[in-house]
1. Within a Cβ distance under 12 Å of V48, other residues only, what is the Lys/Arg minus Asp/Glu net charge?
2. Excluding S78 itself, calculate the net charge of residues whose Cβ lies under 12 Å from the Cβ of S78, where each Lys or Arg counts +1 and each Asp or Glu counts -1.
Amino acid sequence: MSAIMANGIERPLDLLNSSKGKEVLVQLKGEKQFVGTLIAFDIHVNVVLDNAKEVENGEVKKSIGLTFLRGDTIIFISPSISLSK
């Protein structure tokens, strides 16, 4: 019996797959947040973001560009809301 969740998402990685090429918000351990375009991810939830920016209190703190974030440091990944640049 297969129950389909909202938006056709059946498994957690389906959400990441549907977010490829879109802007996401990534919350890391230690209160760090990054916003960027999700380019790639793997089964360990290691992610590659393009146009990555470190965000603090809803404001862009630092532009980083292309970056790799290690999955074991990630608390959550969410579709992003647009931030002023």
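1. 0
2. 0
Every number here is computed from the coordinates shown, using simple stated rules; none is lab data. None of the values given here were measured: they were computed from a predicted structure. Glycine gets a Cβ as well: all are built from the backbone with ideal geometry, and neighbour counts include every protein chain shown.
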